[in-house]
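Undergrad: This is the structure I want to talk about, given as structure tokens.
The values are calculated or read from the model by the stated rules, or taken from the named source; none is laboratory data. None of the values given here were measured: they were computed from a predicted structure. Virtual Cβ from ideal backbone geometry, glycine too; neighbours counted across all protein chains shown. Heads up: the accessible areas ignore ligands, DNA and RNA and are worked out on the full protein's heavy atoms, side chains in. Shrake-Rupley method; radii C 1.70, N 1.55, O 1.52, S 1.80 Å.
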Amino acid sequence: MKLFLKKLILLAAVVSVLFSSAASADYVGDNNPAPPLGVEAALERAREFNESIANKSPEELAAEYDLDLYTDILSAYGNTEPLGGRIEISEDDTWQDVMDRLFSIYETDTYRVGVGYYNTLTGEEQYVNGDKYMVSASMFKIPTNMIIADMVSSGKITMDTEIAGAPYSYHEYMTIVHSDNERWMDLINYLGGYSQFKQLQIPYLGSDPTEELGWNYQIDNYYNAKQFIHMLRTLYDDPERFPGIIECMLEANPFSDFKEYEHRYPIAQKYGYVAQNESDGAYHTYITCCGIVYTDTPFMIVMFTDNVNLAYDLLSSYAVTMVDYTNMVAEREAKKQAEAEEQKRLEEERVLQERLEEDAAAAAAAEPVEVTPRPIITGTIDQRTIGNFSLKDCLIMGWIIIAMIICFVLIFRRNMSGRINGFWAVLAIIFAGLAMLVCVVAARMGTLYSKPKGEPSEPVNSFFTALCAGNFTEAYSYLSDYESLGLENPPDSEESRLLYNALRSSYDYSFRSDAVRDRLHAVQNVSFRHLNLDAVKNDASGRITPLLKEIVETRSRSQVYDDEGNYLESVTDEVYRKALTEALNNAAKYYTSSELDIEVDYTDGKWMMSTSPELISALLGGAA
């Protein structure tokens, strides 16, 4: 049996050589077609062709291109659109959902097809019987040309290298565009025969069929959908490695196969047809096609059929359906990407807002530095309440009273004998006792009387004068309760310092009235002007979104986003700094005044002012 097959292959090779030698006489120099070199140029020509036939009737196309209306323009079925029209596809549909509807319309037995799909945008790869080996018909002229075109790009031969009396470019065009079997046999013979070709094509298939098909692999025309999707992806990813192949595929059969109903986008296709009796005794019709569809997000498709009802209509309807499906996926992905980018933008704005809050807090010195309060010695008696005395104090006062009573008794006895003057003696004892009691009470009450020097408004005026001048050390010297408020420490970041400087520059003050004084305590009303940091933050926050939008719309994606789709740090820094600078350019717009009642107390022979939450908040631009 093997010997018979070998003889049969040898006979076929001899016959093919004879035919190809005779056919080579058909080639006549420059008058013979050749593929355009350059995929972009070929795509542009295909788009122009699609535009030129748009809205033309089948009859007009047949007349214009000298074609048979039914066999060339309307395939074998006389349809002007896919059976049942275009399939409605929703955003929630999966690829399998769409294919189930397509097969249902054509009542296709799925075991009779091999189908593949690959989306270059999403990487989605789908199959029906993707591993099933089926007859590819003339689609196998694609791997044949890939072998030789690869030899051209590697420098082993050129497009002008003569094969059976004609340059390779001529054979490439004829085998792909017109599916010329004689020219294909020329290429097979050039490669060393059919068996040698089958071995040479394995690296382009993505899988090795030798083990699964055995000896049949050497003689049969079997491939599967996954192998053709792999070849199409290889062509698409590196067209320069295979010069002329995609260009020729773009010209092939402009009115049939995948292109019968789909003329919205260029399609680089290779079709196949063979009808024959098989070893199972049945007559089989194999109609196939593979192609790269150049939508805005190109995709690859392939379909094998074996005795399928309305096969040509199914092929073209598959192309139309996959265009609609791919466009839907592209819109869905664009929507997701837009939502993701919007989410990232909002997140980045939130981060910038937090950064603004932090810088504002840093500019305002955040919280004052609390230190040990300075001692305060004060007091008029009416300002103090006598609290609980210690046991020692009570005993002392008790003994003073007892001593006074004893003295009264002794004076009374002596007065009876006439030895002393009772009135003056009693009066002396009362004054002496009261003096001792006052001494005990005074030790607990502090100063009972003091005459203050100077005016209570003086330390307040000096504090705010030094503060506005930036002399914080002097300003703190007029405070009775803090040694530092942290205002003298500028923040580290450049942006924080912008706010810090703007806040300090806004300080100004005036007295609304004279101090209201009550012995050693006074209150001075001050109108203090300062920057409203919240207003500045709101202004800068409102500028972030339009500034980000402007950058996204005017710069390339690589200048805005990193590899993970996040904003580049340089972009967010630029937006943040610009938003803050623009807001501070009109800082005077956000000046405000706080009415403060500053408390002043006479302490250690001088007037000293005290801080309050209202004063601290004003000093920090309302950020406290």
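Undergrad: Filter segment 447-464 down to the residues that are small (Gly, Ala, Ser) and surrounded by 15 or more Cβ atoms within 10 Å (Cβ to Cβ) and list them by number. Steps first, please.
TA: Filtering segment 447-464 for residues small (Gly, Ala, Ser) gives 450, 454, 457, 462.
Passing the criteria: SER450, SER457, SER462.
Undergrad: Kindly provide the set of residues from segment 305-329 that are open to solvent by 10 Å² or more (accessible area, probe 1.4 Å) and under 15 Å from ARG112 (Cα atoms), ordered by number. Spell out how you get there, then give the answer.
TA: Just the residues of segment 305-329 that are open to solvent by 10 Å² or more (accessible area, probe 1.4 Å), to begin with: 306-310, 312, 324, 327-328.
Correct list: ASP306, ASN307, VAL308, ASN309, LEU310, TYR312.
Undergrad: Within segment 253-288, count every residue that is modelled with pLDDT of 90 or more, of a type in the set (Ser, Thr, Tyr) and under 45 Å from the mean Cα position of the chain (by Cα).
TA: Result for segment 253-288: 3.
Undergrad: Which condition number in (1) at pLDDT below 95; (2) more than 47 Å from the chain's Cα centre (by Cα); (3) within 24 Å of GLU240 (Cβ to Cβ) is the one that GLN196 fails?
TA: (3)
Undergrad: Oh, and also: What residue, among those in segment 330-358 that are open to solvent by 40 Å² or more (accessible area, probe 1.4 Å) and among the hydrophobic types (A, V, I, L, M, F, W, C), is nearest to ALA540 (Cα to Cα)?
TA: Applying the filter and picking the extreme gives VAL351.
Undergrad: Next question, about the same structure. Which of (1) part of a strand (DSSP E or B); (2) within 17 Å of THR288 (Cα to Cα); (3) of a type outside the set (Lys, Arg) does MET139 not meet, given it meets every other one?
TA: All conditions are met except number (1).
Undergrad: Only residues that are under 15 Å from TYR294 (Cα atoms) and open to solvent by less than 10 Å² (accessible area, probe 1.4 Å): list them for segment 230-244, please.
TA: LEU232, LEU235
Undergrad: Additional query: Give me a count of the residues in segment 301-319 that are touching a Pro at 6+ places or on another chain (Cβ under 8 Å) and modelled with pLDDT of 95 or more.
TA: In the first step, residues of segment 301-319 are kept if they are touching a Pro at 6+ places or on another chain (Cβ under 8 Å); the result is 313, 316-317.
Now drop any that are not modelled with pLDDT of 95 or more, which leaves none.
Number of matching residues: 0.
Undergrad: Also: Out of TYR294, TYR236, TYR204, I need the residue that is in contact with a Phe, Trp or Tyr (Cβ under 7 Å, 6 or more places away or on another chain), modelled with pLDDT of 95 or more and closer than 25 Å to TYR173 by Cβ. Which one?
TA: The match here is TYR294.
Undergrad: Something else: Given the residues ALA268, ALA275, ALA225, which is the only one that is under 23 Å from SER317 (Cβ atoms), open to solvent by less than 70 Å² (accessible area, probe 1.4 Å) and in contact with a helix residue (DSSP H, G or I) (Cβ under 6 Å, 6 or more places away or on another chain)?
TA: Details: ALA275 fails: in contact with a helix residue (DSSP H, G or I) (Cβ under 6 Å, 6 or more places away or on another chain); ALA225 fails: in contact with a helix residue (DSSP H, G or I) (Cβ under 6 Å, 6 or more places away or on another chain).
Step by step, each of ALA268, ALA275, ALA225 is checked, and only ALA268 is under 23 Å from SER317 (Cβ atoms), open to solvent by less than 70 Å² (accessible area, probe 1.4 Å) and in contact with a helix residue (DSSP H, G or I) (Cβ under 6 Å, 6 or more places away or on another chain).
Undergrad: How about segment 73-108: which of its residues are open to solvent by 60 Å² or more (accessible area, probe 1.4 Å) and either outside any helix (DSSP H, G or I) or at pLDDT below 90 (or both)?
TA: ALA76, TYR77, THR80, GLU81, LEU83, GLY84, ARG86, GLU88, GLU91, ASP92, THR94, GLU107, listed by residue number.
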